[in-house]
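One structure is given below, encoded as C-alpha coordinates.
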Amino acid sequence: MSQRIRGVLAPVVTPFKSDLAPDNQRFIAHCKWLLSQNCGLAVFGTNSEANSLSMKERAMLLDELVAAGVDPSRMMPGTGCCSIMETVKLTAQAVEHGCAGVLMLPPFYYKDVDQEGLYRYFSEVVQRVGDARLKIYLYHIPPVAVVGITIGLVERLLAAYPNAIAGMKDSSGDWNNTKTFLDAFAVRARHDDSATGRAVSLHPRGSNDLEMDTQTSFDVFVGSESFLLAGMRNGVVGTISATANVNPAAIHELYVECFRSQTSDIEHQTSKMERQQADLDVVRRVFSSRKFPSMIAALKQAIAIYTDDPAWRTVRPPLVELTPEQAKTLAAELKAIGFTMPGVGKES
(Lines give C-alpha, C1' and ligand atoms only; values in the text may rest on other atoms or scores of the structure.)
Protein backbone atom coordinates (compact mmCIF):
# COMPACT_ATOMS: atom_id res chain seq x y z
CA MET A 1 0.00 0.00 0.00
CA SER A 2 1.34 3.42 -0.95
CA GLN A 3 -1.47 5.42 0.60
CA ARG A 4 -2.73 5.83 4.14
CA ILE A 5 -6.04 7.15 5.32
CA ARG A 6 -5.70 10.70 6.62
CA GLY A 7 -7.68 13.83 7.35
CA VAL A 8 -10.99 13.96 9.19
CA LEU A 9 -12.73 10.79 10.33
CA ALA A 10 -15.89 10.36 12.38
CA PRO A 11 -16.41 7.64 14.97
CA VAL A 12 -19.78 7.10 13.33
CA VAL A 13 -22.74 7.17 15.71
CA THR A 14 -24.80 3.99 15.51
CA PRO A 15 -28.57 4.42 15.08
CA PHE A 16 -30.86 1.95 16.86
CA LYS A 17 -34.43 0.87 16.27
CA SER A 18 -37.05 0.99 19.02
CA ASP A 19 -36.11 -2.57 20.05
CA LEU A 20 -32.43 -1.42 20.29
CA ALA A 21 -31.34 -3.41 17.24
CA PRO A 22 -28.87 -1.56 14.99
CA ASP A 23 -30.64 0.35 12.23
CA ASN A 24 -28.74 -0.62 9.10
CA GLN A 25 -30.41 1.79 6.71
CA ARG A 26 -29.98 4.90 8.85
CA PHE A 27 -26.39 3.84 9.54
CA ILE A 28 -25.59 3.48 5.85
CA ALA A 29 -27.28 6.79 5.01
CA HIS A 30 -25.29 8.65 7.67
CA CYS A 31 -22.04 7.09 6.48
CA LYS A 32 -22.76 8.17 2.92
CA TRP A 33 -23.53 11.71 4.06
CA LEU A 34 -20.25 11.84 5.98
CA LEU A 35 -18.33 10.71 2.91
CA SER A 36 -20.06 13.42 0.87
CA GLN A 37 -18.62 15.92 3.38
CA ASN A 38 -15.04 14.62 2.89
CA CYS A 39 -15.13 12.72 6.17
CA GLY A 40 -13.77 9.20 6.60
CA LEU A 41 -15.47 6.52 8.65
CA ALA A 42 -14.03 5.29 11.94
CA VAL A 43 -17.03 3.06 12.52
CA PHE A 44 -17.30 1.23 15.85
CA GLY A 45 -15.44 3.85 17.85
CA THR A 46 -16.26 5.17 21.30
CA ASN A 47 -19.02 7.46 20.01
CA SER A 48 -20.40 4.56 17.97
CA GLU A 49 -21.32 2.82 21.24
CA ALA A 50 -19.08 0.05 19.96
CA ASN A 51 -18.68 -1.63 23.32
CA SER A 52 -22.46 -1.81 23.59
CA LEU A 53 -22.50 -3.76 20.32
CA SER A 54 -21.84 -7.48 20.02
CA MET A 55 -19.10 -8.80 17.77
CA LYS A 56 -21.81 -10.23 15.51
CA GLU A 57 -23.52 -6.84 15.23
CA ARG A 58 -20.28 -5.06 14.34
CA ALA A 59 -19.49 -7.68 11.69
CA MET A 60 -23.00 -7.44 10.25
CA LEU A 61 -22.91 -3.64 10.02
CA LEU A 62 -19.53 -3.67 8.27
CA ASP A 63 -20.77 -6.25 5.77
CA GLU A 64 -23.88 -4.12 5.17
CA LEU A 65 -21.80 -0.98 4.56
CA VAL A 66 -19.61 -2.68 2.00
CA ALA A 67 -22.60 -4.30 0.32
CA ALA A 68 -24.18 -0.83 0.06
CA GLY A 69 -21.21 0.36 -1.98
CA VAL A 70 -19.44 2.34 0.73
CA ASP A 71 -15.74 2.48 -0.12
CA PRO A 72 -13.78 0.42 2.46
CA SER A 73 -10.62 2.42 1.71
CA ARG A 74 -12.33 5.29 3.54
CA MET A 75 -12.94 3.16 6.65
CA MET A 76 -11.01 2.54 9.87
CA PRO A 77 -13.28 0.22 11.88
CA GLY A 78 -12.76 -0.18 15.60
CA THR A 79 -11.90 -3.82 16.23
CA GLY A 80 -10.34 -3.81 19.70
CA CYS A 81 -12.05 -6.10 22.23
CA CYS A 82 -10.97 -7.58 25.53
CA SER A 83 -10.97 -10.99 23.84
CA ILE A 84 -8.04 -11.61 21.50
CA MET A 85 -10.19 -14.01 19.48
CA GLU A 86 -12.94 -11.45 18.88
CA THR A 87 -10.37 -8.80 17.99
CA VAL A 88 -8.75 -11.17 15.49
CA LYS A 89 -12.08 -12.03 13.85
CA LEU A 90 -13.18 -8.41 13.47
CA THR A 91 -9.73 -7.32 12.29
CA ALA A 92 -9.45 -10.10 9.73
CA GLN A 93 -12.89 -9.18 8.40
CA ALA A 94 -11.88 -5.54 8.01
CA VAL A 95 -8.67 -6.49 6.21
CA GLU A 96 -10.53 -8.88 3.91
CA HIS A 97 -12.96 -6.10 2.99
CA GLY A 98 -10.05 -3.83 2.09
CA CYS A 99 -10.45 -1.31 4.90
CA ALA A 100 -7.68 1.27 5.13
CA GLY A 101 -6.87 0.21 8.68
CA VAL A 102 -8.35 -0.72 12.02
CA LEU A 103 -8.54 1.31 15.21
CA MET A 104 -7.60 -0.97 18.09
CA LEU A 105 -8.25 -0.44 21.77
CA PRO A 106 -6.00 -2.24 24.20
CA PRO A 107 -7.71 -4.96 26.28
CA PHE A 108 -9.20 -2.73 28.95
CA TYR A 109 -10.99 -4.79 31.57
CA TYR A 110 -7.93 -5.73 33.63
CA LYS A 111 -6.16 -2.63 34.98
CA ASP A 112 -2.49 -2.08 35.86
CA VAL A 113 -1.41 -4.86 33.52
CA ASP A 114 2.25 -5.29 32.65
CA GLN A 115 3.46 -3.78 29.37
CA GLU A 116 4.60 -7.26 28.40
CA GLY A 117 0.98 -8.40 28.49
CA LEU A 118 -0.15 -5.57 26.22
CA TYR A 119 2.69 -6.32 23.82
CA ARG A 120 1.68 -9.98 23.70
CA TYR A 121 -1.93 -9.04 23.02
CA PHE A 122 -1.15 -6.89 19.98
CA SER A 123 1.51 -9.34 18.82
CA GLU A 124 -0.98 -12.21 18.91
CA VAL A 125 -3.46 -10.20 16.86
CA VAL A 126 -0.89 -9.35 14.18
CA GLN A 127 0.31 -12.92 13.93
CA ARG A 128 -3.12 -14.52 13.96
CA VAL A 129 -4.51 -12.17 11.31
CA GLY A 130 -1.37 -12.91 9.29
CA ASP A 131 -2.06 -10.53 6.42
CA ALA A 132 0.45 -8.07 4.96
CA ARG A 133 -2.40 -5.61 4.30
CA LEU A 134 -3.04 -5.16 8.02
CA LYS A 135 -2.69 -1.58 9.31
CA ILE A 136 -3.30 -1.09 13.04
CA TYR A 137 -3.92 2.31 14.59
CA LEU A 138 -3.48 2.01 18.35
CA TYR A 139 -6.25 3.69 20.35
CA HIS A 140 -5.12 5.65 23.42
CA ILE A 141 -8.12 6.78 25.47
CA PRO A 142 -7.19 6.56 29.16
CA PRO A 143 -10.16 8.67 30.36
CA VAL A 144 -12.41 5.78 29.29
CA ALA A 145 -10.30 2.62 28.95
CA VAL A 146 -7.86 3.50 31.77
CA VAL A 147 -5.38 1.10 30.12
CA GLY A 148 -3.22 3.27 27.87
CA ILE A 149 -0.62 3.15 25.11
CA THR A 150 2.94 4.07 26.07
CA ILE A 151 5.98 5.21 24.11
CA GLY A 152 7.79 2.03 25.08
CA LEU A 153 4.97 -0.18 23.84
CA VAL A 154 4.83 1.62 20.50
CA GLU A 155 8.60 1.38 20.08
CA ARG A 156 8.56 -2.34 20.73
CA LEU A 157 5.62 -2.99 18.41
CA LEU A 158 7.18 -0.92 15.64
CA ALA A 159 10.42 -2.83 15.97
CA ALA A 160 8.61 -6.15 15.64
CA TYR A 161 5.87 -5.18 13.15
CA PRO A 162 6.93 -2.00 11.30
CA ASN A 163 4.42 -2.46 8.48
CA ALA A 164 1.43 -3.52 10.57
CA ILE A 165 1.64 -0.79 13.23
CA ALA A 166 0.53 2.23 11.22
CA GLY A 167 -0.18 4.87 13.84
CA MET A 168 -2.41 5.86 16.73
CA LYS A 169 -5.34 7.96 17.87
CA ASP A 170 -4.59 10.01 20.97
CA SER A 171 -7.79 10.70 22.91
CA SER A 172 -6.01 11.51 26.15
CA GLY A 173 -7.25 15.09 25.91
CA ASP A 174 -3.71 16.16 26.78
CA TRP A 175 -1.81 18.02 24.06
CA ASN A 176 1.48 17.41 25.89
CA ASN A 177 0.93 13.67 25.57
CA THR A 178 0.26 13.99 21.83
CA LYS A 179 3.37 16.12 21.42
CA THR A 180 5.41 13.50 23.27
CA PHE A 181 4.40 10.85 20.74
CA LEU A 182 5.04 13.20 17.82
CA ASP A 183 8.49 14.02 19.15
CA ALA A 184 9.30 10.35 19.75
CA PHE A 185 8.34 9.32 16.23
CA ALA A 186 9.05 12.56 14.35
CA VAL A 187 10.92 10.92 11.46
CA ARG A 188 8.04 8.51 10.90
CA ALA A 189 5.35 11.19 11.03
CA ARG A 190 6.55 13.79 8.51
CA HIS A 191 4.15 15.15 5.93
CA ASP A 192 6.99 15.60 3.43
CA ASP A 193 7.56 13.21 0.57
CA SER A 194 10.34 10.85 1.63
CA ALA A 195 12.06 11.00 -1.75
CA THR A 196 11.78 14.67 -2.69
CA GLY A 197 11.23 16.47 0.59
CA ARG A 198 8.32 18.32 -0.97
CA ALA A 199 5.06 18.98 0.83
CA VAL A 200 2.43 16.35 0.24
CA SER A 201 -0.38 17.31 -2.11
CA LEU A 202 -4.04 16.70 -1.41
CA HIS A 203 -5.68 13.76 -3.10
CA PRO A 204 -7.07 14.91 -6.46
CA ARG A 205 -10.56 13.67 -5.58
CA GLY A 206 -10.67 16.05 -2.64
CA SER A 207 -11.09 13.15 -0.23
CA ASN A 208 -9.43 12.84 3.15
CA ASP A 209 -6.64 10.71 1.65
CA LEU A 210 -3.23 12.08 0.70
CA GLU A 211 -0.93 10.79 -1.97
CA MET A 212 2.43 9.94 -0.49
CA ASP A 213 4.69 7.01 0.26
CA THR A 214 3.73 6.19 3.82
CA GLN A 215 4.76 2.57 4.15
CA THR A 216 7.01 3.29 7.13
CA SER A 217 5.23 6.27 8.68
CA PHE A 218 3.70 6.27 12.15
CA ASP A 219 0.63 8.45 11.81
CA VAL A 220 -0.81 10.28 14.80
CA PHE A 221 -4.46 11.40 14.82
CA VAL A 222 -5.73 13.75 17.50
CA GLY A 223 -8.93 12.65 19.21
CA SER A 224 -10.58 16.07 19.02
CA GLU A 225 -10.64 18.81 16.41
CA SER A 226 -9.81 21.21 19.23
CA PHE A 227 -6.21 20.06 18.78
CA LEU A 228 -6.27 19.98 14.98
CA LEU A 229 -4.47 23.24 14.21
CA ALA A 230 -1.78 22.73 16.85
CA GLY A 231 -1.47 19.12 15.77
CA MET A 232 -1.10 19.85 12.05
CA ARG A 233 1.66 22.33 12.88
CA ASN A 234 3.52 19.54 14.64
CA GLY A 235 3.02 16.53 12.37
CA VAL A 236 -0.37 14.96 13.06
CA VAL A 237 -2.15 13.59 10.02
CA GLY A 238 -5.72 14.41 10.97
CA THR A 239 -8.39 13.94 13.58
CA ILE A 240 -10.85 11.22 14.53
CA SER A 241 -13.42 13.30 16.32
CA ALA A 242 -16.90 12.79 17.74
CA THR A 243 -18.20 16.10 16.42
CA ALA A 244 -17.16 15.14 12.89
CA ASN A 245 -20.48 13.27 12.96
CA VAL A 246 -22.30 16.60 12.76
CA ASN A 247 -19.72 19.20 11.67
CA PRO A 248 -17.53 17.32 9.17
CA ALA A 249 -17.20 19.90 6.39
CA ALA A 250 -15.96 22.71 8.64
CA ILE A 251 -13.39 20.44 10.28
CA HIS A 252 -12.23 19.24 6.87
CA GLU A 253 -11.86 22.86 5.69
CA LEU A 254 -9.38 23.58 8.49
CA TYR A 255 -7.50 20.39 7.67
CA VAL A 256 -7.18 21.44 4.03
CA GLU A 257 -6.23 25.00 4.97
CA CYS A 258 -3.30 23.71 6.99
CA PHE A 259 -1.79 22.29 3.81
CA ARG A 260 -2.51 25.38 1.75
CA SER A 261 -0.64 27.44 4.33
CA GLN A 262 2.59 25.78 3.24
CA THR A 263 2.61 27.67 -0.06
CA SER A 264 0.69 30.89 0.59
CA ASP A 265 0.78 34.05 2.68
CA ILE A 266 1.62 32.61 6.08
CA GLU A 267 0.43 35.59 8.13
CA HIS A 268 -2.92 35.80 6.35
CA GLN A 269 -3.35 32.02 6.37
CA THR A 270 -2.49 31.74 10.05
CA SER A 271 -5.13 34.27 10.97
CA LYS A 272 -7.73 32.43 8.88
CA MET A 273 -6.86 29.06 10.39
CA GLU A 274 -7.04 30.44 13.92
CA ARG A 275 -10.53 31.79 13.20
CA GLN A 276 -11.55 28.43 11.80
CA GLN A 277 -10.20 26.67 14.87
CA ALA A 278 -12.06 29.06 17.16
CA ASP A 279 -15.32 28.41 15.28
CA LEU A 280 -14.85 24.66 15.59
CA ASP A 281 -14.24 25.03 19.31
CA VAL A 282 -17.54 26.87 19.74
CA VAL A 283 -19.44 23.94 18.21
CA ARG A 284 -17.45 21.42 20.22
CA ARG A 285 -18.26 23.16 23.48
CA VAL A 286 -21.99 22.93 22.82
CA PHE A 287 -21.90 19.17 22.34
CA SER A 288 -19.48 18.45 25.18
CA SER A 289 -21.46 20.46 27.73
CA ARG A 290 -22.01 18.71 31.05
CA LYS A 291 -25.65 19.81 30.94
CA PHE A 292 -26.27 16.86 28.61
CA PRO A 293 -26.06 13.22 29.79
CA SER A 294 -23.36 12.38 27.22
CA MET A 295 -21.83 13.77 24.05
CA ILE A 296 -23.12 10.68 22.22
CA ALA A 297 -26.71 11.47 23.22
CA ALA A 298 -26.26 15.13 22.24
CA LEU A 299 -24.86 14.20 18.83
CA LYS A 300 -27.75 11.83 18.17
CA GLN A 301 -30.25 14.46 19.28
CA ALA A 302 -28.71 16.94 16.83
CA ILE A 303 -28.98 14.46 13.98
CA ALA A 304 -32.60 13.85 14.99
CA ILE A 305 -33.23 17.61 14.84
CA TYR A 306 -31.56 18.29 11.49
CA THR A 307 -32.94 15.16 9.78
CA ASP A 308 -36.36 15.65 11.37
CA ASP A 309 -36.11 12.00 12.40
CA PRO A 310 -36.78 11.38 16.11
CA ALA A 311 -35.61 7.76 15.84
CA TRP A 312 -32.04 9.06 15.90
CA ARG A 313 -32.41 9.97 19.59
CA THR A 314 -32.16 6.33 20.70
CA VAL A 315 -29.08 5.19 22.61
CA ARG A 316 -28.41 1.82 24.19
CA PRO A 317 -28.35 1.49 27.95
CA PRO A 318 -26.47 2.33 30.05
CA LEU A 319 -26.56 5.60 28.08
CA VAL A 320 -29.73 7.68 28.17
CA GLU A 321 -31.17 10.10 25.63
CA LEU A 322 -31.68 13.81 26.22
CA THR A 323 -34.84 14.82 28.05
CA PRO A 324 -37.31 17.00 26.11
CA GLU A 325 -36.06 20.02 28.05
CA GLN A 326 -32.42 19.19 27.30
CA ALA A 327 -33.32 18.68 23.63
CA LYS A 328 -34.85 22.18 23.52
CA THR A 329 -31.73 23.62 25.13
CA LEU A 330 -29.48 21.92 22.57
CA ALA A 331 -31.63 23.08 19.65
CA ALA A 332 -31.61 26.67 20.96
CA GLU A 333 -27.83 26.70 21.49
CA LEU A 334 -27.16 25.31 18.02
CA LYS A 335 -29.51 27.86 16.48
CA ALA A 336 -27.79 30.65 18.40
CA ILE A 337 -24.40 29.82 16.83
CA GLY A 338 -25.88 29.40 13.34
CA PHE A 339 -25.16 25.69 13.21
CA THR A 340 -26.37 23.66 10.19
CA MET A 341 -25.91 20.18 8.72
CA PRO A 342 -26.23 20.77 4.95
CA GLY A 343 -27.61 17.83 3.02
CA VAL A 344 -28.07 15.52 5.98
CA GLY A 345 -31.08 13.27 5.70
CA LYS A 346 -31.02 13.42 1.91
CA GLU A 347 -29.92 10.64 -0.39
CA SER A 348 -26.14 10.85 -0.92
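The values are calculated or read from the model by the stated rules, or taken from the named source; none is laboratory data. The structure displayed is predicted, hence computed values, not measured ones. Cβ sites come from the backbone with ideal geometry, for glycine too, and all protein chains shown count toward neighbours. Each accessible area value is taken on the protein alone, full model and side chains, heavy atoms only, with ligands, DNA and RNA left out. Shrake-Rupley method; radii C 1.70, N 1.55, O 1.52, S 1.80 Å.
Solvent-accessible area per residue in the chain equals 42 Å², computed with a 1.4 angstrom probe and all protein chains kept. Between R316 and Q3, the contour length at 0.36 nm per residue exceeds the Cα-Cα span by 109.1 nm.
Take every Cα pair under 8 Å whose residues are at least 6 apart in sequence, average their separation, divide by the length of the stretch 1-145, and the relative contact order is 21 percent. 3J(HN,Hα) along the stretch 299-309: 4, 5, 5, 5, 5, 4, 5, 7, 9, 6, 9 Hz, from the Karplus curve 6.51 cos²θ - 1.76 cosθ + 1.60 with θ = phi - 60°, whole Hz, x for Gly and Pro. Helices in the chain, meaning DSSP H runs of at least 4 residues, each add -39500 (n - 2.57). Divided by all residues, the mean residue ellipticity at 222 nm is -13000 deg cm²/dmol. At full extension, D63 and S288 could sit 77.9 nm farther apart than now, given 0.36 nm per residue minus the alpha carbon distance. Modelled spin-label separation between M55 and E96, with each label point placed 7 Å from Cα along the Cα-to-Cβ direction: 1.3 nm. Computed extension gain for A278 through R128, at 0.36 nm per residue and net of the alpha carbon distance, reaches 49.5 nm.
Among the listed pairs K17/K56; K17/K291; K89/K300; K135/K169; K111/K179, which are separated by more than 20 Å between their Cα atoms? Cα-Cα > 20 Å for K17/K291; K89/K300; K111/K179; rest within.
Taking label positions 7 Å along the Cα-Cβ direction at both N163 and I84, the computed distance is 2.3 nm, reported to one decimal.
Database remark: amide H of G40 closer than 5 angstrom to the amide H of V8, L9, A10 (H placed geometrically; neighbours at sequence offset of 5 or more, or on other chains; Pro and chain starts carry no H). Other residues whose C-beta falls under 9 angstrom from the C-beta of V315 contribute a net charge of +1, scoring Lys and Arg +1 and Asp and Glu -1. The simple spin-label model puts a point 7 Å past each Cα toward its Cβ; for K111 and Q269 those points are separated by 4.5 nm.
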